Amino acid sequence: MPEESLKQKTAKGLFWGLVNNGSMQLLNLLIGICLGRILGPEDYGMVGMLTVFSLIAGALQESGFTAALANKKEIRHEDYNAVFWFSALLSFSLYWLLFFCAPLIAEFYHQPELIPLGRYSFLGFFISSLGIAPAAYIFRNLMVKQKAIATTLGLVVSGIVGITLAYSGFSYWGLATQSLLYVAVLNLYLWTVCPWRPTFTFDFRPIREMFGFSSKLLFTNIFNHVNNNLFSIILGRFYSEREVGQFNQANKWNYMGHTLITGMVNSVAQPMFVRIADDSERQLRAFRKMLRFTSFIAFPAMFGLAFTAPELIVIAITDKWLTSAKLLQLLAVGGAFIPIAGLYTNLLISRGKSNIYLYSTVVLGVLQLIIMLLLSPYGLFLMVSVYVGVNIAWLLVWHHFVRREIPLRLRHAFMDMFPFAGSAAAVMVATYYLTSGIENIYLLAMAKIGIAAALYTLIMWASRSVTFRESLDFLLKRKN
């Protein structure tokens, strides 16, 4: 593929990834505000206790095949067909396994209501399994615009239904129904825009060919889900559903923030790295450029979220969620580094190093679990602080493994990230002092956002940031 064509595809992919994730997180925000005002921490806690089981089952049904299909040099109908039938049959079996295990899950959390709720919620991963093959086709072919429309449509329909049910008194059943309806509408639209269709031929040989690569991603994804839901598991076991709900609300806002950047980058990073995997120098240049762009977006966005968290939470969903606002301030600082870690892992996967991705994630997960269990008697805020610190420090581990694939020095990576991280941190400090005299919470929130955005833009302009100017030029061209 010619250089210019790849650049154009990557730029367009980033643009539509921004549109997709931007609209998705905006809708998530609006829906979350409505639900947060209607429901309480206990309702979110009930659903949060089940999340890890659905995510693990979802990882098993997907089994890393999306990345495996994207990494294949040549793709055939039989490859997609095998993935479709394998995922559908496996998820059907997993659903019934979890159906009969629901009483055990409820006993673990001491919540009998989780039995019917779990059996209802677990339907979601079976529905999502039917869209894995079409989603893999769309991902491989960089059809980011189509994915953007699908996610937006799914959020609108499921959000309206979820809010209606919550307002009508269905409490956590509204949250569960919203999740089910989202995956159903999303998959339905993906089927309409994807030209590929399954056939009734059951040849699983392509599964065996891909499993050596995909199995490592499977176990990695499972550990990632466990890592990301450690607090829901530990809090659900040792604390009340109220603490689970407060943490899940903070984590939800943090997730909305960093997923906006992570989703945009992930929509193009791995396919792009795969296409230039044979040229390590070119991959190095592409990686560093993506690293600068990711840092340019991630640090001001997530530091800004941490800075404005108390005002945003209280304005949006009232002061009954004030504890989650304090937790969000910690989580959002760590959230600034999540898109960067994702960029590192995407490069490792594109180089076929799914084994390194697996081993490193497993070690991180075990370390986090041990630390969280040891700290559980000392309170939630200490646990979250250490959790964030460990995840930030783990970037050094990811860098070590990437350094073995491409000649990326730590000094160069630091130089790519620090100007944006330092500028964002300095902007937040300056804005804090400039707005310290404002007492009205609405004016304070607007002033923080407006002043911080203006100062960061001014610093980028004055420092002649190439990343800033390239991003601005591309957006202006898109507008024209």
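Annotations for the structure displayed:
- Extension reserve of the residue 326-residue 288 stretch, reckoned as 0.36 nm per residue once the Cα distance is removed: 10.3 nm
- Within the accessible area of the range 373-475 (1.4 Å probe), percent carbon and sulfur: 70
- Efficiency of FRET from Cβ geometry, residue 164 and residue 400, R₀ 51 Å, rounded to 0.05: 0.50
- Burial ranking of peptide ranges 396-406, 282-292 (average Cβ count within 10 Å, highest at the top): 282-292, 396-406
- The mean accessible area for residues of the range 326-406, using a 1.4 Å probe and ignoring ligands and nucleic acids, is 40 Å² per residue.
- The apolar share of the surface of the range 167-211, taken as the fraction of accessible area on carbon and sulfur atoms (1.4 Å probe, ligands and nucleic acids excluded), comes to 66 percent.
- Accessible area (Å², per residue) of the range 87-203, counting only protein heavy atoms and a probe of 1.4 Å: 47
The values are calculated or read from the model by the stated rules, or taken from the named source; none is laboratory data. This structure is a prediction, so every number in the text was calculated from the model and none was measured. No Cβ is skipped: glycine too gets one built from the backbone with ideal geometry, and neighbour counts run over all protein chains shown. Heavy atoms of the whole protein, side chains included, go into the accessibility calculation; ligands, DNA and RNA do not. Shrake-Rupley method; radii C 1.70, N 1.55, O 1.52, S 1.80 Å.
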